[in-house]
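For reference, the structure discussed in these notes is given below.
The values are calculated or read from the model by the stated rules, or taken from the named source; none is laboratory data. As the structure is a prediction and not an experimental result, all values here were calculated from the model. In this analysis, Cβ positions are derived from the backbone assuming ideal geometry, glycine residues included, and neighbour counts consider all displayed protein chains. Ligands, DNA and RNA are stripped out before the accessible areas are found, and what is left, the full protein with its side chains, is counted by its heavy atoms. Shrake-Rupley method; radii C 1.70, N 1.55, O 1.52, S 1.80 Å.
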Amino acid sequence: MASSLDGTKRCDTDRIWICCGELSDISESPSIVYLFHMICVVAYQTLDALDGKQARRTKSASPLGELFDHGCDAIATTLIAITCLSSIQAGAGWTTYLIILFANILFFFAQWQQYNIGELTLGYVNVTEAQFAVMAIHFITALFGPQFWSNPVPIFGISWRSSIYLMQFFGVIITLFINFRDVAEDAAKKRKETIFIYLQLTAPMCSVILLSLWALVSPKKILYTHPHGFFLLIGFLYANLAGRIVFARMCEAEFSWKQFMVYPAALGFFNASFFH
């Protein structure tokens, strides 16, 4: 049995179906599903924190290990986001799409910053706090059910679900500002040509445009009819871009502004526009 983005579930004897109906559908999964989500995030965070320590302790740390570590993190970003959105019954649509997109963009920009300045700087509120927030969301959903997130926040009057959206939005703005600020300051200090630095963002920014246009013109309303497949495409696309910029940093090579993984988004857009 598997939960969907809005809490719906459908299962037969042969295979598991993951579906997503309207946001108004308030059916929910058993509490054990949300507890299992939480346990998976706990296990992921623990193992992700221990692997580097173990590698350094055994003197087996290597660039390949770091690449594998960041690659797993990039893929997990989308999967964790989807399960979290399922727990709060976010439903399929543009809000859910933007949350998935922002999560992947933040991960790529963190790697872009490290590629250009040589270090990964994390603020007081970073991925660890975000993971603890996800654990708390799953735990609360297991206790009170996904309908809890539709209740209004005392004093503010907006739903708990909307408050999560707002916190993520402001977190994205602040984090991206820090990324750009640090890269710009480092470029000024080292007298680098900023035009070549910002050209590195061509592929991820073109992907944002093409994916958004695809979702907008899709005659089948892909955001509503096939949300999981579309979100996984976004996740693998940005995981590929993040992996490539990590690889370029380790090899001290240039990260090209031309990236193959932009083409699937372009193909999807043109197919939805002209060949449906």
Note to self: Just to be sure I understand, how many residues within segment 143-168 are in a helix (DSSP H, G or I), of a type in the set (Phe, Trp, Tyr) and either without any contact (Cβ under 8 Å) to a residue 40 or more places away in the chain or under 24 Å from Ile32 (Cα atoms) (or both)?
What the structure shows: 4
Next item on the list: Run down Leu85, Leu79, Leu122 and say which single residue is in contact with a Gly (Cβ under 9 Å, 6 or more places away or on another chain), closer than 22 Å to Phe169 by Cβ and open to solvent by 40 Å² or more (accessible area, probe 1.4 Å).
Entry: Leu79
Note to self: Checking the structure you have, find out if any residue of segment 242-264 is within 20 Å of Thr96 (Cα to Cα) and of a type in the set (A, V, I, L, M).
What the structure shows: no
Check: Within the bounds of segment 90-106, is there any residue that is open to solvent by 40 Å² or more (accessible area, probe 1.4 Å), among the hydroxyl-bearing types (Ser, Thr, Tyr) and under 15 Å from the mean Cα position of the chain (by Cα)?
Finding: yes
Next item on the list: Test Trp160 against the stated conditions and say whether it is under 16 Å from the mean Cα position of the chain (by Cα), aromatic (Phe, Trp, Tyr) and either under 24 Å from Tyr44 (Cβ atoms) or surrounded by 12 or more Cβ atoms within 10 Å (Cβ to Cβ) (or both).
Entry: no
Checklist line | Count - residues of segment 115-136 that are among the polar types (S, T, N, Q), in a helix (DSSP H, G or I) and over 16 Å from Glu185 (Cα atoms) | finding: 2
